[in-house]
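Read the structure below first, then the notes.
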Amino acid sequence: MIKLDNFSSFFVANWKLNGNFKFIDQFITEISLPQDTTKCVVICPTTIHLDYMSKNKTKFYVGAQNVSQHKDGAFTGEISADSLSDLNVNFCIVGHSERRQFFFEKNEDINHKSENLIKKNIIPIVCVGETLEDKEKGITNGILEEQLKKSIPISSNFQNTIIAYEPVWAIGTGLTPTNKEINDTHSFIREHNSKFNKFKIIYGGSVKANNVNEITSLLNVDGALIGGASLKSDEFTKIIQD
Ligand code: PEP
């Protein structure tokens, strides 16, 4: 398993359902990785492109966007943690809000997925976040507490799991919480349960080249999860170089 302690910050590119071989070739030629090797750059292409990405990668890590909650068996079309491990995948996003919303993933599924990944030495990046309705009702912390309690398995610790705070209303919208809100929420995640004190907590939701620096330099923020802006090699280079 990758040693998370070796890194000062994490930049995770979530390509979602985008990219093909040609795109990958071009992206890899165009990006420039940071000189600072304590910055951990992870690119998560589609499952189909994981192997190609792993074989052609330079100084970044490869991550998956999802994994089955089942270890093996009669689950047609699913991809197991074991299969990801065969492809030398080091990280896997789990519980992204799009999976919770469109594929009806529950905290309990995310818990099983994370547990299976940890057993295969793959680091789960567990996503949690409130909807706009939750925020307006003032129940963000309660929502996060419940998501964390149920979706982080007992086997998780600061050395084998990353938490991603992604307010659902900030994903792909160009909206972000204020820097104070981000820092306070990360602080809540870290402090409300001593289990999470030393976890790496990254922020996701409309991170771009022009706001990454102010967000990732916040005391309680250990990096960023980037969607749309990670598909543009020049923008992503600026994000990881900042
Ligand atoms: C995401 O999908 O995880 C994400 C953060 O997207 P965006 O950066 O486009 O808001």
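Values for this structure:
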quantity	calculated
Pairs with Cβ under 8 Å, 6+ apart, first in region 213-239 and within 15 Å of the ligand (Cβ to nearest atom), second part of a helix (DSSP H, G or I) and of a type in the set (G, A, S)	E235/A229; F236/A229; F236/S230; I239/A229; I239/S230
Residue match in region 22-36 (condition: under 20 Å from the mean Cα position of the chain (by Cα), assigned to a loop (DSSP other than H, G, I, E, B) and under 17 Å from A164 (Cα atoms))	no
Subset of region 207-226 (residues that are small (G, A, S) and surrounded by 22 or more Cβ atoms within 10 Å (Cβ to Cβ))	G223, A224
Contacts under 7 angstrom Cβ, first residue in region 126-144 being under 15 Å from T173 (Cβ atoms), partner within 14 Å of the ligand (Cβ to nearest atom) and aliphatic (A, V, I, L, M), 6 or more apart	G129/V168; E130/V168; T131/V168
Matching entry among H96, H70 (being crowded, with 20+ Cβ neighbours inside 10 Å and out of contact with any helix residue (DSSP H, G or I) (no Cβ under 7 Å at 6 or more places or on another chain))	H96
Meets criteria (away from the ligand (no atom under 13 Å from the Cβ) and hydroxyl-bearing (S, T, Y)) for S155	yes
Unique match (being surrounded by fewer than 22 Cβ atoms within 10 Å (Cβ to Cβ) and closer than 21 Å to D109 by Cβ) among E146, E235	E146
Cβ pairs under 6 Å, 6+ apart, first in region 188-211 and more than 27 Å from A229 (Cβ to Cβ), second assigned to a loop (DSSP other than H, G, I, E, B) and away from the ligand (no atom under 16 Å from the Cβ)	K198/F158
Some residue of region 123-136 being of a type in the set (G, A, S), surrounded by fewer than 16 Cβ atoms within 10 Å (Cβ to Cβ), under 24 Å from R190 (Cβ atoms) and out of contact with any Lys or Arg (no Cβ under 7 Å at 6 or more places or on another chain)	no
Test: residue in region 171-187 that is away from the ligand (no atom under 15 Å from the Cβ), hydroxyl-bearing (S, T, Y) and closer than 30 Å to E30 by Cβ	no
Flag if N210 is more than 26 Å from A64 (Cβ to Cβ), modelled with pLDDT of 95 or more, within 16 Å of the ligand (Cβ to nearest atom) and over 19 Å from the mean Cα position of the chain (by Cα)	yes
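The values are calculated or read from the model by the stated rules, or taken from the named source; none is laboratory data. Fair warning: this is a prediction, and the values are worked out from it, not measured in the lab. Neighbour counts run over all protein chains shown; Cβ positions are idealised from the backbone, glycine included.
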